[in-house]
Structure formats: C-alpha cells, structure tokens
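Engineer: What follows is a single structure, and I will ask about it in a moment.
The values are calculated or read from the model by the stated rules, or taken from the named source; none is laboratory data. Quick caveat, the model's predicted, so the values are computed rather than measured. FYI the Cβ positions are ideal-geometry reconstructions off the backbone, even for glycines, and counts take in every protein chain you see. Note: areas computed on protein heavy atoms with side chains; ligands, DNA, RNA excluded. Shrake-Rupley method; radii C 1.70, N 1.55, O 1.52, S 1.80 Å.
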Amino acid sequence: MDRTDRRPSRLPRLLAGAVVLVLVAGVALVTAARSQHWGPFALDPQLDNPFLDRPQYVEAGSSTDEAARQAAADGDGNAAIYERLAKVPQGIWLTPEDFPRGQVGDHVAEIVKKADDEGDLPVFVVYGIPDRDCTGGFSAGGLSNEDYGPWVDEIARAAGGGDAAVVVLEPDALASAIDCDNRSERVDLIAAAVDSLREAGVTTYVDGGHSSWIRAGDLAPLLKEVGVDTVRGFATNVSNFQTDADERAFADELVELLGGDVHYVIDRGRNGNGASDEWCNPSGRAFGDQPGYVDDSTRLDAYLWVKPPGESDGECNGGPAAGGFWAQRVQELAAASGW
C-alpha cells in the first residue's frame with residue numbers, strides 16, 4: 001500500500017500570504033508617499049497650491065510679536081491685542097537695508113528650518129528693487145542694478161533649501177514702472193529674479209498691483225514679459241485696502257489676459273472697511289478676514305496678510321518710518337474690527 005503523504009503542501013499558502021502582505025505594505029507605502037509628497041508624488045512648487053498642505057508659518061520675533069512681549073512686560077492693557085495680532089500669519093519682509101547681501105541667506109535659511117520643523121509654510125516678501133518706491137518716497141531705497149541679482153540669488157538658494165517656501169516678489173515694482181518710466185529696467189531685473197526663484201524651487205507670486213491703480217490691460221504685458229507664466233502666478237492688493245470682491249474681479253481679468261494658466265493670492269490684511277482716497281496710513285480702516293487657503297476650483301490660491309497690519313506705511317498721517325510698529329494705529333484697527 002502506498003503510504004505516501006497526500007496532504008497538500010503548505011508552501012503555496014505561505015507564498016500567497018506573503019504576496020498579500022507585500023501588496024498591503026505596498027499600498028500603505030504608496031498611500032504614505034502620496035500623503036507626504038515623497039518621490040514621484042512630490043509637489044511641484046509652481047504647479048501646486050502650496051497653501052493646501054501646510055499652514056502658514058507665524059514668525060516668532062516679528063515686530064508685532066516683540067511689541068506684544070514688551071507690552072505684557074510693561075503691564076500695558078493693549079498687550080492682548082498685540083498678542084492676538086502676532087498669532088495671525090503674516091508676510092516676512094526682506095529688505096536689503098535690514099538683511100543685506102551676505103546676511104539675508106542665513107536669515108532666510110533659519111526661518112525655513114524652523115518652518116520645516118513645524119511643518120509650516122513661510123511666506124517671504126522680497127522688496128529691494130532699485131529705486132524701490134519711485135512713486136511715493138516713503139519706502140525709498142533698494143539696491144543698485146548690479147547688486148540686486150546676487151541678493152535675490154542668495155534668497156532663492158536659502159528659500160529653496162528647505163521643504164517649501166513662498167515668495168511674493170517686489171510689491172509695486174511693475175505697476176510703478178509704468179508711472180516711473182523705468183519699464184525695461186524693472187522688467188529685466190524682475191525677469192531674472194523670477195528665473196532665480198523658479199530654478200531654486202521656490203513657489204513665486206509676482207506682484208500685480210491692485211484694482212484701483214493700474215488697469216489689468218496695461219499690467220498684463222509686463223507680467224508676461226517677466227515670465228509670470230513660468231511660476232505660480234501673481235499677488236494683488238499688497239499693502240493696500242481694496243475689497244476682496246474688487247480684487248478677485250481684477251485678478252480674474254488678469255488671469256484671462258495672461259492666458260488662463262496662472263494663479264494668484266490676495267492681501268486682505270487691512271481691507272475690512274475697504275479703501276479710501278489715501279494709500280498711506282489712511283484712518284478708518286479695519287483688519288480683513290483671517291488669511292487662509294482657497295480650494296474652490298478657481299485660480300485663487302489663498303487670502304493672505306502679506307503686509308503686517310501693525311506696521312506703518314511710512315511717515316504720513318502721523319505714522320513712524322515705513323515698517324515700524326505703530327501701536328496707536330493697531331489699536332484703531334482692532335477697535336474698528338471688533339477686537
């Protein structure tokens with residue numbers, strides 16, 4: 001009698017189980033890679049909305065944060081207002097006066113590292129174009145033509161060295177070029193800056209003025225010339241007071257004129273009561289709604305507070321020098337906003 005063991009081998013079942021485990025592990029790995037944007041799922045800094053996956057970084061040590069700390073130490077009853085304002089994400093402005101070549105890169109790299117550690121997204125504002133405030137004078141300054149490119153390159157390398165960063169490039173520069181008759185110079189400098197930031201992998205929005213200044217039809221050619229279509233898009237209403245509705249209409253018109261493939265962000269930090277006839281420290285204004293990303297299938301990526309609302313526009317209407325913290329105006333904005 002044949003007593004050969006006829007029981008089925010366990011090997012096929014073991015192999016099948018191993019295959020299932022491999023498949024499960026593979027699915028889990030792909031899911032993790034997709035959610036964390038590893039490898040082939042990495043975000044493209046110009047094609048993807050950077051605000052969807054990371055909250056905006058809140059800078060410790062900003063002028064508003066320092067004012068809040070000082071007010072708390074002094075027993076100032078307005079400390080709570082400053083503390084609340086300091087917790088709202090705002091643009092981190094880079095000027096050559098405060099952060100010259102040789103220093104700006106370290107400053108940016110430090111912020112990027114802190115933001116990466118927290119899983120946040122820093123928003124830098126590059127503001128150093130030659131003859132910077134050629135129409136108003138309160139933020140006059142900037143670099144020479146020769147020094148501007150290397151300064152931006154240093155920022156680009158540092159900002160691109162981390163996981164993610166955003167740059168709003170040169171508020172007012174293109175819009176004012178029409179008034180100041182330095183179009184070709186501005187276009188060349190900003191085009192080179194766009195190239196530098198793009199090549200460094202930094203999500204970039206070129207400033208596009210606002211709805212109550214330069215006509216979209218006049219500004220669109222300048223944005224095209226600097227290569228706005230090679231980066232994420234443009235920014236509007238930076239440091240201004242126009243309403244969300246007016247800015248969306250203006251920006252959507254710009255998008256159409258630019259071929260429909262660009263995106264934009266809107267600064268709403270001080271537009272709670274809309275605009276007046278003044279642009280420099282106008283009274284009667286209010287904070288806008290809180291900043292945040294937009295995911296509504298339009299070209300609007302986010303509402304931001306690019307201009308820190310606590311900082312002066314310049315020495316006008318009783319304000320301190322441009323960029324200085326202005327406690328009285330913060331209190332007025334807070335009261336008008338129901339804070």
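Engineer: Averaged per residue, what accessible surface does the chain expose to a 1.4 Å probe, in Å²?
Structural biologist: Heavy-atom SASA per residue in the chain reads 47 Å².
Engineer: Name the residue from Leu143, Asn78, Ala164 whose Cα lies farthest towards the positive end of the charge dipole of the chain, charges +1 on Cβ of Lys and Arg and -1 on Cβ of Asp and Glu.
Structural biologist: Towards the positive end, the residue furthest out is Ala164.
Engineer: Here's something else I'd like to know. Place +1 on the Cβ of every Lys and Arg and -1 on the Cβ of every Asp and Glu in the chain, take the dipole about the Cα centre, and give the residue among Ala175, Pro282, Pro50 whose Cα lies farthest towards its positive end.
Structural biologist: Projecting each Cα onto the dipole axis, the largest value belongs to Pro50.
Engineer: Among the helices of the chain (complete DSSP H runs), which have Cα atoms covering no less than 30 Å along the helix axis and a Kyte-Doolittle mean of at least 0.5?
Structural biologist: Helices meeting the span and hydropathy rule in the chain are 11-36.
Engineer: Tell me, what is the percent relative contact order of region 193-339, built from C-alpha pairs under 8 Å that lie six or more residues apart?
Structural biologist: Averaging sequence separation for qualifying contacts and normalising by length gives 19 percent for region 193-339.
Engineer: Also: Can you give the charge dipole size of region 185-339 about its Cα centre, rounded to the nearest 20 debye, using +1 on the beta carbon of Lys and Arg and -1 on the beta carbon of Asp and Glu?
Structural biologist: The calculation lands at about 340 debye.
Engineer: What is the magnitude of the charge dipole of the chain about its Cα centre, with +1 placed on the Cβ of each Lys and Arg, -1 on the Cβ of each Asp and Glu, and no other charges, expressed in debye to the nearest 20?
Structural biologist: Dipole about the Cα centre, nearest 20: 1960 debye.
Engineer: In addition: What's the local net charge at Glu247, with K and R +1, D and E -1, over the other residues with C-beta under 12 Å away?
Structural biologist: -3
Engineer: Something else about it: D for the chain, whole µm²/s, Stokes-Einstein with Kirkwood Rh over alpha-carbon pairs at 20 °C and 1.002 mPa s: what number?
Structural biologist: Answer, rounded: 99 µm²/s.
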